[in-house]
Structures are given as structure tokens and as C-alpha cells.
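Undergrad: Take this structure, written in C-alpha cells, and hold onto it; I'll ask about it next.
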Amino acid sequence: MARDLDDVLEEVGQFGKFQIFNYILISVPMIFVVICSTSFVFTSGDLDYRCRVPECEDNGTEFLPDWVEWAAPKEERGGEMVPSRCHRYVPVTNTSETCWIDGFTNVTERCNDWVYKTSEITIVREWNVTCEENKWKLTVAGMLVYTGVLLSKPFAGYVSDRFGRKTMLLAGLALAGSAGALRGLSQSFLMFQICNILEGIFGGGIYSAAFVMGLELMGPKKRVLGGAIMSSYNAFGEIAMGAIAWGLQSWRLIHAVIYGPAVLFIFYIWLLPESVRWLLAKGKKDKAEKIMLKAAKMNGVPAPTDMFKSLSSLEKLNTEPEPSPLPEKGVMGQAIRSRILMLRLIMLSFTWASISFVFSGLTFNATSLAGNKYVNFMLAGLIEMPGHLLTYFGMDRLGRKGTLAGSLSASSLCCFLFIAVPPDIVWLGIGLYLLGKFAITTSYDVMYMYAAELFPTKLRHSMISACSMLGGIGAIAAPVSPLLNTYFQGLHLILFGGFTLASAIITLFLPETRGVKLPDTVEEAEQLGTRNYANRDYQMEERLE
């Protein structure tokens, strides 16, 4: 009797040297994408600055000298009264006490030159993107990256399925790396923004292509382990980005360090194998056989004697159309007419968007916490690791719905409590912030698997793509969250807490999928969580007999 590919993968080794080697290869582009997508936090990051006062400044001036009290009006920022960023007092022209209280009038004027608190160089300093009316430009810098990612999703999926996961991965790395390197050479703010959206478009499919390749390398027994390992790459990327930015503190140097080594990805043409599952689905049996033989050799096990026969059988199964009671268009039409599936799609899309909004927002706003912004950013990445572990323990013990609703509620509670923490209790504020990031990380991991289990086989990929695309709106909105503080302190955290709480409530109305088989038809997906679906296996056995 012919076996499927999972049986063959078990015989050549579930997680041997072949899988470990390729997981190391896959980790590099996944971490690279995370570094690139979060780099704008530092390259476009706001800086602390004040108006330059030529009458009193010299090359060794302090950021807050004594005379600044009379040279600039005060404004509230971060709960403190500090010198205005964009206004100064008009100096008195006929006095010798230029830098004293009598050297300035009480009339204010706008300034067009600034003194910065640190030597850090971002695009704020490079092109004087200063003052409140220009904050939207910094917000747009982040939004364009995620807008490009959203636009790329349909095309990335098509290229991956049509031309291969490896092709999608390498093409994305080459094009996104070029756009990122070009951004580092930008001579204007407009050029910087154009390169932002181009990098998002070209690199939007890299992470997902690498993730799919990793999962398809594994047999069923180690697939959860593989998913946990790859989920942790996001944390490694954020930690690496914080360390790079802390060490360089110059946006052009950051780009050089990030994108310069990307040229080495050219060696992946020879090092990284294509997905065996994709090769078989496309009828490329000879190439699939070579990869399986290499896997067996690297893992130190003999190749199964009937492996080629099994692969040939699987090829036939993959290339022949599966029997279906309805044609593809009929299945989609039935799903659209299904009130249950459409409502489920809306609920999951809202939850996905909320999770994306809060996860990305907490990542970006970590630099605004009290203390060292680089350390805070790295801590926000480090806290994701235990969140990934909790996901896989929680889904087995509490179920998908319980883990998702619980982690969303915990994140919401942390966001609301953070607002009430006095500014002088720094450790408590940072602790609550990190706990919120920990909880939303768990939500993100659960969401991917839970959503896949709630839709029928024929529509699973298209429905997940729809959820992911609509959920991407949350990631696009996340860079706006720092701007909200200019209108009301803590407004972004109120929104974070509100959206996660609403999503937790919505989750309670979804069916539990722990311990049940994936639905294959629209009717079975509609019956999830009911007694009819619980008896499905028995009914299927009767039909087969």
C-alpha cells in the first residue's frame, strides 16, 4: 500500500541534521525581514530637541543650559514642563546681556534651526522633520512599509504556489534588499518614503514563504516543534535590531549594516532545497527524490526501499483532481451564502486586525518608555519567547478558544493598568508593558492555527489569506499610535486595551477545535462545535463500508 510523504519524512528523520541545517538557513531571512520591518522605529524615530539660540550657542553648548529658561517658552511634554521645541523668545537687540533674563522679550517666534539632546542621527535630524505639524511624516514612514506588505500578499501567494517557495523567497530577498539599500542612500525625504513602500511590496512574501518551507520540511510529529522554533525568530530579529541601533545610532550606518550582507543570500540558490511537497505537486519527482536521498544521507539513515514508489503514488494523488461534491466555484459560492462562515470570517478578521494593531503598536512604542529606549525595545522582543512556548502548551491544555480569549484579556488588562501607573514607578510600568506584549504574542501564535482549523479544506488558504489581508489593516494603523499621545496621553493604550477586550469577547462565540479533525466541506465547517460534527468520524466510516 502506498504511503504519503509524511510517512517517508518519518523514515528519513523527523528532525535530523538535514532539517536542522535547513532551519538555520531559513532563520536568517526570517530574522532579516523582522530587522528590516522594525528598523524604521529607529531610522524614523523622534528625537528630543529645542530651538537653537544663535546669540548664546557655541560649538560646545549644553542641551539645557541655564539661560534656556529665558530664551524659550515652556510646554508640557511627557508630564513635565520643558523648553518648546519650535518656538523661542525674540532677543533684545540693544542690550549687552544677551544670554540673561533681560536679553529676551516676551514675544515668541518660530525657529528654523535646532539643537538635539543626543548625537543620534535619524531622518528627523537629517532633513529637519521637526515640530508637531511634521509628525505625520514620521507616522507615514512606518505605515508605507506595512501598506506595501498588504499589497504584496496576493501576488506573493501566487508566485509561491506557481513558481515555488524557494523562488518566492530568493526573489523577495533580492528585490527587498535592493530597495532597502537604496533607501539608505536616499537624498530626500520623498525618496526615503518611495523606497519604504517598495521594500514592503517586494519583501511582503519573504517571511511567509520561509515559514511554509520550514513547516513542509517536517513530518507531522515534529511540525508543532518546527512552528515554535520559527515563531521565535521574530523575537531574535527585534533583539538584533535594538542592539544594532544602540551600537550605531545613525540611520545610514544602520542601513549599511542591515542590507550590506544581504548580497550573501545569493548562495541560497545552491544551499537551500525547494519544498518537496511543492515539487511533487508540480510533478517534479526526480528533484524531490534527490532531496529525500540527501535528507536520508545527512540524517544517517538508509533511504526507504520503496520511497520512489511512495513518492510516485503521492505525485499521482497530488496531480489528480480530488473528488468534490461541488466544483471550486460552487464551493466558494456556497461559502459566501453561508451566514455562519461569513460571520466567522468577519469575527476572525476583526480579531486578527486587533492583534496586529496591538502587537505592532506595543513593539513600536517600547522606545517611548522611561529608561533606555534600546534596552526597552530588546526586552519587548525577549518577552515574546516565553509567549511562544505558552502557545503550544495552552492550546493543548486550555484549547484554542480558551488560550486566545485568555491571552487577549490579559493583554487588555495590562494596557489599562499601565495607564494608571504613576510615572515615577518605572519598574511597574515596564513590567506591565512587557506582560501585555507577552500575552499578545501568545494571541498572535494561536490565531494562525485557530483560523486554519475553522474553515473547510477547499477554502482554507483563501479564507486565511482574506483574514490576513484584512488583519493587515491593524499593522498599518500601528505606526499611528505614537502620534495619538500628542492629543491625549495614554490614548494609544486605551485603544489597545479596548480592541483586545472586544476581540476576547468575540472569540467566545467561536467553536472550539481542539481534538477534532479539520473540516473538509462547507457543511462540516458549519457544524464545528456541534454534536453532529462530533459524530462525523463514525458517519464517515459507515459511508466507507
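Undergrad: I'd like the FRET efficiency for V516 and L151, computed as 1/(1 + (r/R0)^6) with the beta carbon distance as r and R0 of 22 Å, rounded to 0.05.
TA: Using R0 = 22 Å, I get an efficiency of 0.05.
Undergrad: Cβ under 15 Å from S186's Cβ, S186 left aside: what net charge do those residues give with Lys, Arg +1 and Asp, Glu -1?
TA: On the way: positive: R125, K137, R183, R252; negative: E126, E199.
Around S186, the charge tally is +2.
Undergrad: So if we plug the beta-carbon distance of A370 and K17 into 1/(1 + (r/R0)^6) with R0 = 56 Å, what FRET efficiency do we get, rounded to 0.05?
TA: The formula returns an efficiency of 0.75 here.
Undergrad: Principal axis lengths of the range 244-289 from Cα atoms, whole Å, largest first?
TA: Dimensions of the range 244-289 along the principal axes of its Cα atoms: 50, 16, 13 Å.
Undergrad: If you don't mind, another one. Could I have the simple spin-label model distance between L293 and A174, label points 7 Å from Cα toward Cβ, reported in nm to one decimal?
TA: Spacing of the two 7 Å Cα→Cβ label points: 2.8 nm.
Undergrad: Now for a different question. Under 12 Å from a point 7 Å along the Cα-to-Cβ line of S119: which residues of the range 237-255 have their amide N that close?
TA: Flagged as within label range: 248-250.
Undergrad: For the range 382-523, build the charge dipole from Cβ charges (+1 Lys, Arg; -1 Asp, Glu) around the Cα centre, then report which of F499, A420, Y433 sits farthest towards its positive end.
TA: Farthest towards the positive end: F499.
Undergrad: Calculated FRET efficiency, E132 and M342, Cβ-Cβ r, R0 30 Å, to nearest 0.05?
TA: For E132 and M342, the calculated efficiency is 0.10.
Undergrad: Tally Lys/Arg at +1 and Asp/Glu at -1 over every other residue whose Cβ is under 14 Å from the Cβ of Y268; what's the total?
TA: +1
Undergrad: Restricting attention to the alpha-carbon atoms of the range 396-521, what are Rg (one decimal) and Dmax (integer), both in Å?
TA: Rg, Dmax (Cα atoms, Å): 16.7, 57.
Undergrad: Once the other residues with Cβ under 14 Å from the Cβ of R397 are scored (Lys, Arg +1; Asp, Glu -1), what is the net sum?
TA: Spelling it out: positives minus negatives among the neighbours equals +1.
Undergrad: Set the bar at 24 Å for Cα to Cα. Now go through K166/K284; K17/K287; K153/K401; K294/K517 and name every pair that lies beyond it.
TA: Violating the 24 Å limit, Cα to Cα: K153/K401; K294/K517.
Every number here is computed from the coordinates shown, using simple stated rules; none is lab data. Every value quoted in this text rests on a predicted model; they were computed, and no experiment measured them. Please note: Cβ atoms are built from the backbone with ideal geometry, for glycine as well, and neighbour counts cover all protein chains shown.
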